[in-house]
Structures are given as structure tokens and as C-alpha cells.
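Right, one structure below, let's go through it.
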Amino acid sequence: MSFLLTEPFRLLLSILCIVAFVGGNAAYLVLAERKGAGRFQNRPGPNEAGFGGWLQPIADVGKLISKQLMVPPEADQLLFRLAPLVVLTPAMMCLAVIPFGDTVVARNINVGLLMVFSFGSINVMAILLSGWASRNKFAIMSAARVVSQNVAYEIPMLLVVITLLMATGTMDLSEIVRQQAGGFWHWNFCRVWINPLMPVTFVIFFICMLAETNRAPFDMAEAESELVAGAFTEYGSMGFGVFFMAEYANIVLGCSLATVLFFGGWQTGLGAVPAAWGGWGVLVGLGFFMAKLYALIFTVIWVRWTFPRTQFYILLNLSWKILIPVSLFTLLLSSAMIKLLPR
Amino acid sequence: MSASFDIAASAKSGETFVLNLGPQHPAAHGVLRVKMTMDGEYVMRSEPVIGYIHRMHEKMGENRSLAKFLPNTGRIDYLSALHYNHAFVGAVERAARIEVPPRAEFIRVITSELNRISSHLVWWGAFLLDLGGFTPLLYAFDDREKILDLLEGVTGSRLTYCYFRFGGVRDDLDEGFVERTRAFIAQMRPRLKMYRQLVTDNIILRKRLENIGPISPELCRRYGATGPVIRGSGVPYDVRKIEPYSVYSQLDFEVPVYPEGDCMGRYRVRMDEIAQSLRIIEQALDKLPDGPTLGKVPRVLKLPVGDVCYAVEAARGRLMVRIVSDGKEAAYRLKLRTPSFSNMSLFEEASRGMLLADALALMGSLDLVIPDIDR
């Protein structure tokens, strides 16, 4: 039994858990999205497969896997096959440092936040790769859009995160959560005495997250009414499935990060869990984390089915003319307040 | 903000590519194919290629009797079939001097206006789908379903109606139609308000449509664009007002006109027209007289030698049917002047120098129905 407690075994278990978490989320968030869209649109959504539609994702995956993987003869054979892997792997890597509970974290490293952003930026390259390798005009236009969109939105996102880092003073995600212990007014979202614009920084973070994950209303990459399916036009079978999984993995990652950075991670918001509860306390924390995470994910789905798509230059103008100046201002304000006010 | 673009400079650089939109592209409704010469995201030249769904309706009109051609009219613009019924039936009645009983005329107006609303609802949903908003489509189809149910009760079909007859309409209104239509009107008005709050006032939508794809009245005239397209450019051209037909002159309604000429102008014209159509239906229901629904029509209908035109305001603009008769059972020449064809023609000039997404918003705002272009 002793080997169960060793570090290599724990890591193996963590990897399995993350893969299962990403896979399960991708499958069932698709169902949640389709069911949710159905509710928004006065229709039932998928309800035939299994018990009220609960087997729909399994049927979808079965269909995708059983299809032939077509590679267009003109396409770059290696890069075309490589792109789906490059898009999914970083999203999974990032989840390794997200603290889901007090001790529920695959690998806690003291530069966790930095790691998330460095791996997160690979996403762009993968979509660029898929668009380029497809040798398809729609795909290349989409790839060009993705690059300028992601570059534009990474800047305000990082500025906002730096603002937050000034307040927390650490890149250790677990430590950031521990600082938010106690009532919900200790959550970074509500800590207006550190920076009165804290809620604004969250809004910027959320908008940037939508743009970074290419979700509506910023889904320029997959603008189906203009670019067919954008960078994914030539992908069929599980190649497309993996891109889909990666999209949801990125949403989960983005929302987890928002939960950790702004909404106190596993903290209940009502005070500390009694130490006497032991392991159960960790589970309670995990439950609170998941509740916050899925509330944010629901918002992402809600936004998608409510708003039309923006136009490309509006998107870029929003970033360069509004979000970046505002996030720079919050950064300045934050640093000024930290310097001037006694801590 | 609308992006500006120097076509001449770009043409010199020669760095362009041809993007083939359609005939199977998600943004092209039906089988319209547009060959776009692009410079990056900018459209330098767009060349619509039509004919993928050409069915020779005009030729068919020349080799079959008038009554046998009547079902064809419902299949030209499948979204506003009753207007096409109306134009053809009206042309024949004008040529043969057939009297139409007043009740039949009122029924024609009521059903045509219901059809106009359903057509605009489909456009609204599909246009929003073009702009990336999926939900409005389902809302629009929900409301359209009620109209289709109403029309199904009267006409017997749900999409390609063949209800009007020479000298009247086929059947009288079915039982309870008047009450159900009134209930629909009462239901539809709050829905229009909700559409405005949910979609029209949305900041994203307004930024995507305002000042995008301006079309001048002069351009409309040059290409013969009619309907909501020309009314969205500030010209109050509506066949129902300018050459009143049927009983429209007895009804009180306004012609919504927006002078901006941009996509938002055309959008607002159509949304206002739904409200005006509801008004027309309400009045027509109030004034609906009793009496027969079919006038006296000769058993074998042969038009006298001559040339006759009849125009109606279809959902997409001026629809004119011209029948040249040489005294036989079939027309010698049957010409359909369909609105979508003219409205599409201005796309090439209007889309020059636009960004791809804006050009597609412009195309959506023209409300093209491809079978109506190809006939």
C-alpha cells in the first residue's frame, strides 16, 4: 500500500484525473451547451439518445471516432496532423497547476500563474498551424484573424493579471487562494480597498478570456457565416473533435483561473471550513470551486447564445482603444495605492 | 466606423486572391455563388454567378394554360408565395376584365400581409444567423409557425401556396380564422417589442449594421432596386401606395422610410413593416364584408390579344407580371419582373472595398431569395 502514497504514483493519478476531467468536461459541456441553447431558444435540445439525451456525447464521440480522418492532398501532411495535438496539450498542462481544493492540485509550483500564461499562448500557434497547414483560403483568413485577435487580447489580460499580482504579491495559485480566506468580501473581486476598480479588472479579464478562447461574440476564427468553419474547415473526424475538446478545455481553464484569481477558489466565502472536518472539508472546498467554475461556464454559454458576432475591426478597436487603456489605468492606480497607502 | 480601402492601389500590387463563396456556403442562402476577388479581408470585386436553380418559369408560362401556370407562381419566391399568386392572378383579371368580389379582395389582402410578416420573420432570423446570432432564428420561426398554421387553415398548404384564383380566392376563410388572426396580432405586438429589446437595441448589432453598406437612392434607381432596399435608402416607393391595387387604397397604413441607406436602415424598414402589416390586417378584418369569394369566370379562359402588366408589392419589392397574349389559352410571352434580381444586381457595386464580414451583412440585408433571382 505504501507505493500509493509515493509522489510518482500521485502524479500519475493526477494526470489521469486531468485527462478524465478534460475529456468529461468537453463531452458534457457540449451537451450542456446544446441543452442550454435549446432552453434559450424554446426547444428541448438533444433529448433522444439515452436518458433524456444523456448519452448524446457518447454517441457524438462514437460518430467522430468512427469517421475516416481525411487529410487534403494539398495540405501539409505533418503539420495538419500535428495541429490538433498542439492545441489540446497546453490546455491540459495548464490544469496541472490549478488548485481545485486545499490539497487537490496536481503540482503546486510557485510560478503557477506564469506557467498558465506561457502554455496558454501556445493555443494561438496551434490554430495558426492548422489554418496554414490546411491550404484553404478560409482557413488562412481565419488563422490571420486568430493571430491578431489573440495578440490584441493577451495584452489587456496580462495587464489585468499584473494588477492582481501587485495585490497578491505571489504567483503561487494556492497562495493566492489562501489570501482570499474568510468571507466573500475577501475575494479579490470585492477587495476594492486594494484597488477600487477590482470588479472592472474582472470584467476585462472575462472579456479577454472570451476572446482568447475564440468564443462568441468574438468567434472570429470560426465565423461560420463568413469563413465556413475557419481554421477547422478541412478537419473532419476526431481531428475536428480534438479542436472541439480543446475549445472546451480552454473554457474550463479560463473559468478556473477566473475562479482562483477573483472568486476565492475553493474558499466558501462564508468563513473557514472547520478544521475538524478534515478530508471532508477539502471536499466541501472542491464543491464550492466547482459551483463557481460552472456558474462562470454557464455565463460563457449564455453569452454565446444571446449576442451576435462582432465585426473584426470592432473587436480590435475594443482591445486597443478601450481595454488596454483601462487596464493600464487600473495597473497605475493599483501600484500608486500600494505605494502610498499603509498596508 | 467603416473601414476605407484604396482599390486602385491594391489592384496595382496584384496581391489578390479569388474567394469562391457558394453555391454551397453557409452565408449564401440557397445556391447563389459569388466570386470575390479579395485583398486580404477586403472585397475588391464581387461577381454574382446565378442560374444554379433556374427552372424556366417564364417559358413554362408560355406552353401551358393560364390556370395550369398558377401553381408555378407559388414556387418562384417560396417565402412570399401569395404575392406572386396575386400578381399573376391580377394580371389575368386585368386582361380578361374579371370582376373580383370585395370579400375576396379583403381576404387577399389579409393573407398577403400575413405572408409578408412570415417572410420578414424568416429574413430576420436568417439575417441574424448571418451575423452570428443563432437564437433569434428560432424565435422568428416560433412566430412564423403561428402564421403558417393560420394560412394552412385557409389555403391548405404551408409554404408554396396556390390559393388565389382568377376572379377571387379558392375557398372562403375557415371557421374561427378571424378570431385566431386577432389573437395572433395581439400576441405578435409584444413579441415585436421583445425583438427590439433583445436584438435591435443590442450594441453589437448596431455597431455591425450602422453605417455599413450604404446604398444611395441613385444606386437603387440605377439597378431598379425596390422594396425595403429602396425604402431603407429614403425613397418612399411602395407599390401599395404608388399604384394602389386590390383594396389597399381603402386601408390606412404608413410606408416606413429610413434615409440612412445603411444595413440598419433596411433592417428597421422591415421591422416597421411587420408592425404596419399587423395594422393592415386588423383594419381589413374590421372591414371584411360578406358575400361570395369567387366572381364569374369563363370556363375556358382565353385572354384577348394584348399586352398587360400588373404589379404588386411583394415582401422583397416590386413584383410585376407582364402577359402578352395572342388570344390562345396560353400566354404568348410571360415576363416576371422579380425584386430579388434587381436587388442582387447592386451588390457588386455596393460591396466594393468592404470587409468580407460587412459585405456579407450587406448581402443579408438585401434579403435575397435565390429561386426568385433565377426563376
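The values are calculated or read from the model by the stated rules, or taken from the named source; none is laboratory data. Because the structure is a prediction, the values reported are computed rather than measured. All Cβ positions, glycine included, derive from the backbone under ideal geometry; neighbour counts span all protein chains shown.
Just a few scattered comments:
- Some residue of segment A:296-312 being in a helix (DSSP H, G or I), in contact with a strand residue (DSSP E or B) (Cβ under 8 Å, 6 or more places away or on another chain) and without any contact (Cβ under 8 Å) to a residue 24 or more places away in the chain: no
- Criterion applied to A:Leu341, A:Leu328, A:Leu318, A:Leu333 was being at pLDDT 85 or above, surrounded by fewer than 21 Cβ atoms within 10 Å (Cβ to Cβ) and more than 26 Å from the chain's Cα centre (by Cα), and the one residue passing it is A:Leu333.
- Whichever residue in segment A:55-82 is surrounded by 14 or more Cβ atoms within 10 Å (Cβ to Cβ) and of a type in the set (Asp, Glu) and, among such residues, is farthest from the chain's Cα centre (by Cα): A:Asp76
- Residue within segment A:156-179 that is in a helix (DSSP H, G or I) and charged (D, E, K, R) present: yes
- Filter pass, B:Gly156 being small (Gly, Ala, Ser), more than 28 Å from A:Gln41 (Cα to Cα) and free of Cβ contacts under 8 Å to residues at least 40 places away in the same chain: yes
- Summed over segment A:109-125, residues that are outside any helix (DSSP H, G or I) and without any contact (Cβ under 8 Å) to a residue 60 or more places away in the chain total 1.
- Residue in segment A:36-54 that is surrounded by 13 or more Cβ atoms within 10 Å (Cβ to Cβ), in contact (Cβ under 8 Å) with a residue 24 or more places away in the chain and aromatic (Phe, Trp, Tyr) present: yes
- Residues in segment B:196-229 that are surrounded by fewer than 16 Cβ atoms within 10 Å (Cβ to Cβ) and without any contact (Cβ under 8 Å) to a residue 24 or more places away in the chain: 5 in all.
- Among (1) charged (D, E, K, R); (2) crowded, with 21+ Cβ neighbours inside 10 Å; (3) within 14 Å of chain B (Cβ to nearest Cβ) - the single one A:Glu224 does not satisfy: (2)
- The set of residues in segment A:29-77 being in contact with a Ser or Thr (Cβ under 8 Å, 6 or more places away or on another chain) and within 14 Å of chain B (Cβ to nearest Cβ) consists of A:Ala37, A:Phe40, A:Gln41.
- Residue-level check: of (1) among the small types (Gly, Ala, Ser); (2) within 14 Å of chain A (Cβ to nearest Cβ); (3) within 20 Å of B:Leu278 (Cβ to Cβ), B:Gly133 misses just (3).
- Selection within segment B:230-254 - of a type in the set (Val, Ile, Thr) and touching a residue at least 40 places away in the same chain (Cβ under 8 Å): B:Ile230, B:Val239, B:Val247
- Residue count for segment A:298-326, restricted to those that are touching a Ser or Thr at 6+ places or on another chain (Cβ under 7 Å) and either within 21 Å of A:Pro199 (Cα to Cα) or of a type outside the set (Ser, Thr, Tyr) (or both): 2
- Top-ranked residue in segment B:136-149 [being of a type in the set (A, V, I, L, M) and buried (at least 21 other Cβ atoms within 10 Å of the Cβ); ranked as farthest from the other protein chains (Cβ to nearest Cβ)]: B:Ile147
Per-residue answers, yes or no, for (1) within 14 Å of chain B (Cβ to nearest Cβ); (2) under 15 Å from the mean Cα position of the chain (by Cα); (3) under 21 Å from B:Thr135 (Cα atoms):
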| site | (1), (2), (3) |
| --- | --- |
| A:Glu212 | no, yes, no |
| A:Ala216 | yes, yes, yes |
| A:Val228 | yes, no, yes |
| A:Gly239 | no, no, no |
| A:Asn250 | no, yes, no |
| A:Cys255 | no, yes, no |
| A:Gly281 | no, no, no |
| A:Phe289 | no, yes, no |
| A:Phe298 | no, yes, yes |
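- For segment B:284-317, a residue qualifies if it is within 12 Å of B:Phe106 (Cβ to Cβ), of a type outside the set (A, V, I, L, M) and either surrounded by fewer than 19 Cβ atoms within 10 Å (Cβ to Cβ) or under 17 Å from the mean Cα position of the chain (by Cα) (or both), and the qualifying residues are B:Asp286, B:Lys287, B:Pro289, B:Asp290, B:Gly291.
- Hey, A:Asp102 among the acidic types (Asp, Glu) and within 30 Å of A:Thr170 (Cα to Cα) or not: yes
- Residues satisfying the stated conditions in segment A:176-192, i.e. surrounded by fewer than 22 Cβ atoms within 10 Å (Cβ to Cβ) and touching a residue at least 12 places away in the same chain (Cβ under 8 Å): A:Ala181, A:Gly182, A:Gly183, A:Phe184, A:His186, A:Phe189, A:Arg191
- Looking at B:Thr160, B:Thr111, just one residue is closer than 30 Å to B:Val324 by Cα, crowded, with 23+ Cβ neighbours inside 10 Å and touching a Phe, Trp or Tyr at 6+ places or on another chain (Cβ under 9 Å), and that residue is B:Thr111.
- Answer residue from segment A:256-268, given it is of a type in the set (A, V, I, L, M, F, W, C) and more than 17 Å from A:Met93 (Cβ to Cβ) and is surrounded by the fewest Cβ atoms within 10 Å (Cβ to Cβ) among those: A:Ala258
- Only listed residue being polar (S, T, N, Q) and more than 30 Å from A:Thr330 (Cα to Cα), chosen from A:Thr268, A:Thr233: A:Thr233
- Residue match in segment A:301-309 (condition: of a type in the set (Lys, Arg) and under 19 Å from the mean Cα position of the chain (by Cα)): yes
- Enumeration of residues in segment A:97-111 that are within 19 Å of A:Val22 (Cα to Cα), at pLDDT 80 or above and over 13 Å from the mean Cα position of the chain (by Cα): A:Val97, A:Pro99, A:Phe100
- Members of segment A:227-238 found to be surrounded by 21 or more Cβ atoms within 10 Å (Cβ to Cβ) and either of a type in the set (A, V, I, L, M, F, W, C) or over 20 Å from A:Leu316 (Cβ atoms) (or both), listed by number: A:Leu227, A:Val228, A:Ala231, A:Phe232, A:Thr233, A:Glu234, A:Tyr235
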